[in-house]
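Worksheet: one structure, shown below.
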Amino acid sequence: MSFHLHLRAVPPAELRPGSPWTTAFMLAAWGNRREECAAGTAESIEKDFAGVHQLYTGAADGPADTGDPSGLPIFGGELVPHEDGPPFLILHPHRVAEAAAFLSAADFDSLWEAAGTALRATGDPEVDRDLYLSHHRGLAAFYRTAADTGHAVIKAFWY
């Protein structure tokens, strides 16, 4: 079974409240994720997204919107209520800018030194470090592009 966090930038004027629009939008985005990731309008993390959250916050789980921008990149945002299917979150443009600033300023080596021993995905420390560094770089580039264009970010947690 796969677990993915799929992030998609969207102009705020295109957002529609409610789950039917969000579900349809994110299903279409999921189908186009390779092209959208290459274009910088989407980012996707398989399995390791909770670990990336822990890398940024120092906590394995917990509230994301406590005022600290370290929780914004992965679990931050407003929950889109709906009956079934994956959880969706919307991170509005001002919070996207905060997440981008946090990621731009974050010193990966310091974060890894503090949390890396708890984040073993493969058992090989160098492979694990490279994996999380790749996630960090991808998120930093994605959020910077979204912030620079004034976009919101919708997150889907596909299980």
Meets criteria (surrounded by fewer than 18 Cβ atoms within 10 Å (Cβ to Cβ) and aliphatic (A, V, I, L, M)) for ALA99 | no
Cβ pairs under 9 Å, 6+ apart, first in the stretch 115-142 and touching a residue at least 12 places away in the same chain (Cβ under 8 Å), second aromatic (Phe, Trp, Tyr) and not in a helix (DSSP H, G or I) = none
Answer yes if at least one residue in the stretch 135-158 is modelled with pLDDT of 95 or more, part of a loop (DSSP other than H, G, I, E, B) and among the polar types (S, T, N, Q), and no otherwise.
-> yes
Inter-residue pairs, beta-carbon under 6 Å, first touching a residue at least 12 places away in the same chain (Cβ under 8 Å) and in the stretch 81-104, second among the β-branched types (Val, Ile, Thr) and assigned to a helix (DSSP H, G or I), 6+ apart = PHE88/THR22
Which condition number in (1) of a type outside the set (D, E, K, R); (2) touching a helix residue (DSSP H, G or I) at 6+ places or on another chain (Cβ under 9 Å); (3) surrounded by fewer than 13 Cβ atoms within 10 Å (Cβ to Cβ); (4) in a loop (DSSP other than H, G, I, E, B) is the one that GLY85 fails?
-> (3)
Among the residues of the stretch 8-47 satisfying the criterion of being exposed (fewer than 11 other Cβ atoms within 10 Å of the Cβ) and of a type in the set (A, V, I, L, M), which is nearest to the chain's Cα centre (by Cα)?
-> ALA38
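Here are ARG120, ARG137: which of them is farther than 27 Å from ALA28 by Cβ and among the basic types (Lys, Arg)?
ARG120
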Do you know which residues across the stretch 106-144 are of a type in the set (Ser, Thr, Tyr) and either surrounded by fewer than 17 Cβ atoms within 10 Å (Cβ to Cβ) or closer than 16 Å to ASP48 by Cα (or both)?
-> SER110, THR117, THR122, TYR132, SER134
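Restricted to the stretch 1-59, and to residues that are charged (D, E, K, R) and in a strand (DSSP E or B), which residue is modelled with the lowest pLDDT?
The selected residue is GLU46.
The values are calculated or read from the model by the stated rules, or taken from the named source; none is laboratory data. Computed from a prediction, not measured in an experiment: that's the story for all the values here. Cβ coordinates were reconstructed from backbone atoms using ideal geometry, including for glycine residues, and neighbour counts include every protein chain displayed.
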